[in-house]
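Okay, structure first, notes after.
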Amino acid sequence: MLKDLLEAKKCFKLVCGAGNEDVEEVKRLVYVYALGGCKFFDLSANEEIVSAALESLHLARVEDAYISVSVGIKGDPHSNKAVIDYTKCINCGSCEAVCQQGAIQYAKVKKNRCIGCARCWKVCPRSAISYVSEEKKLDEVLPAIIEKGVDCIEFHVDGKDENEIFSKWHYINDNYNGLLSICISRGKMGDEELVNRIQKMINGKDDYSVIIQADGFPMSGGDDTYKSTLQAVATAEIVQNAKLPVYLMLSGGTNSKTCELAKMCGIDYHAVAVGSYARKIVKKYIDRDDFWTNHLELEDAVNAAKSLVATIG
Ligand code: SF4
Ligand code: SF4
C-alpha cells in the first residue's frame, strides 16, 4: 500500500513532469528509477503516459510501485507550454542551450517535452518566448486514468482563483476515492493563506487521506545545492507547524541534499519528490539511441538513480 510506504517515511517519488508527454522518455525514466529502488512515480495525466510507465514497471519486474497523475488549474506553470514568436526570434540558440528537457531544437518547441519551466523565457534576448496554458479538462482525462487504477491524484493549486480550485477539487473528490495530493507553494500566497487553503481543502476528509506536497521553487533547474532546496524545506516547515493530519512531502528544487537539510531543520517528512535533478543525473543515459541494449550504460544509469533514491533513507 502507498500509505505504508509513506508511513515508513522512506518514500521517494520520481517526478517525470506534469507536462512531460514524451512517451519514450517517461518509459525510460520509470525503468531506470524503478531498478534504482524508486516506488512512486508522478506522471502527466495522460493515458498513454500511464500505460508507458506501467509497461516499464512490468519490464523492470517491480510490482510494489505506485503511480500518481498530476492535474492543475488554468495558469499553473506545470501546464504551460513555450511558444516562440518568429517575428522577434533571431535564431540565436540560447533557448535550446538552456532547455534541460531537450524541448527546443532549431528554435522549434516540441510541445510534448516542454514542462513549462521558463528557463528559455529567462534567457531569450528578444523576448520572443511566451506561454500558453494547456491545463487538462478533468472530465476528459481522469475517468480513463482512474479506470487504469492509479494510486494517487495530485492537484496543483498555486493561484488565486478559489472558485476554479474548489470546483476542480470537488470534481476530483466526487470521482476518485483514493489518496490525493495537494501541491502548493508560497509563490503566490502568504504563509497564513497557504495553511488556510490546505485546511479548507482537507476539511471533512479522513485523516491522512491527503499528501501535502510542499513545493519550494517548482521546476527550478536541478542544481544540487542547499540553496536550491531551502525553499522546499521552509514550505514544509510551515505545513508541519500547522499540525494537520496529512502526509508531508517535499518538492520543488529538491535534490540529493534535501533530506539532509530537512533533517537538520527538524522536518518530520514522509516523502520527497524529485524532478529536475533526478531527470538531469540520468539524462545522458536516457538520451542514448542504444538505451535498451547497452547494458553497461544502463547499469551506470541505475546506479546514479540508486544513489539519489538512497538519500531518503
Ligand atoms: S526551457 Fe522549459 S519552458 Fe522552455 S521549452 Fe524547455 S521545458 Fe519548455
Ligand atoms: S532565445 Fe529567443 S531569439 Fe534566441 S532562438 Fe530562442 S526564441 Fe529565438
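Bear in mind that the values in this text are calculations on the coordinates, not laboratory data. None of the values given here were measured: they were computed from a predicted structure. Here the Cβ positions follow ideal geometry from the backbone for every residue, glycine too, while neighbour counts run over all protein chains shown.
Karplus-derived 3J(HN,Hα) values for the stretch 115-132, using 6.51 cos²θ - 1.76 cosθ + 1.60 with θ = phi - 60°, are 10, x, 6, 6, 4, 5, 4, 5, 9, 5, x, 10, 6, 8, 10, 9, 10, 10 Hz; glycine and proline are entered as x. In this calculation the C-beta distance from LYS227 to LYS284 is compared with R0 = 25 Å, giving a FRET efficiency of 0.55. When the helices of the chain are scored as -39500 (n - 2.57) per DSSP H run of n ≥ 4 and the total is divided over every residue, the value at 222 nm lands at -12500 deg cm²/dmol.
Here CYS117, CYS152, CYS89 are placed in order of increasing Cβ neighbour count within 10 Å, fewest first, which gives CYS89, CYS152, CYS117. List the chymotrypsin sites (Phe, Trp or Tyr not before Pro) within the stretch 251-313 that fall in a DSSP loop (any state other than H, G, I, E or B) and whose Cβ has at most 15 other Cβ atoms within 10 Å. The qualifying sites are TRP292. Select from ALA52, ALA18, PHE40 the residue farthest towards the positive end of the dipole of the stretch 16-86; place +1 on Cβ of Lys and Arg, -1 on Cβ of Asp and Glu, and compute about the Cα centre. So the residue furthest toward the plus end is PHE40. The Cβ shell under 15 Å around LEU261 holds other residues with a net charge of -2, Lys and Arg each +1, Asp and Glu each -1.
Here HIS156, HIS295 are placed in order of increasing Cβ neighbour count within 10 Å, fewest first, which gives HIS295, HIS156.
Among the trypsin sites (Lys or Arg not before Pro) found in the stretch 14-70, those both in a DSSP coil and sparsely packed, with 13 or fewer other Cβ atoms within 10 Å of their Cβ, are ARG61. The distance from the alpha carbon centre of the stretch 89-114 to that of the stretch 16-51 is 22 Å, rounded to a whole number. The simple Förster model, with R0 at 41 Å and r as the Cβ-Cβ distance, assigns LYS74 and ASN303 a FRET efficiency of 0.50.
Taking the DSSP beta bridges with both ends in the chain, the antiparallel portion is around 15 percent. Between GLU140 and ALA234, the contour length at 0.36 nm per residue exceeds the Cα-Cα span by 30.3 nm. Taking label points 7 Å from Cα along the Cα-to-Cβ direction, ASP174 and LYS200 give a separation of 1.9 nm. Rounded to the nearest 20, the size of the Cβ-charge dipole of the chain about its Cα centre is 860 debye, with Lys and Arg at +1 and Asp and Glu at -1. For the stretch 78-133, the Cα gyration tensor yields ellipsoid semi-axes of 16, 12, 10 Å (square root of five times each eigenvalue, largest first, whole Å). The calculated FRET efficiency for the pair ASN294 and LYS148, based on their C-beta separation and a Förster distance of 35 Å, comes to about 0.70.
Only residues of the stretch 175-208 count here: report those whose backbone N is under 15 Å from the spot 7 Å along Cα→Cβ of ASN241, or say none. Only 186, 190-196 fall inside the zone, counting backbone N under 15 Å. Using a simple spin-label model with points 7 Å from Cα along the Cα→Cβ vector, what separation in nm is obtained for GLN100 and SER133? The two pseudo-label positions are separated by 2.5 nm. Among the GluC sites (Glu not before Pro) in the stretch 1-107, which ones are in a DSSP loop with at most 14 other Cβ atoms within 10 Å of the Cβ? Mind listing them? When the GluC sites (Glu not before Pro) of the stretch 1-107 are filtered for loop state and at most 14 Cβ neighbours within 10 Å, GLU63 remain. Taking only the C-alpha atoms of the chain, the Rg (one decimal) and the largest Cα-Cα distance, Dmax (whole number), read 18.5, 55 Å.
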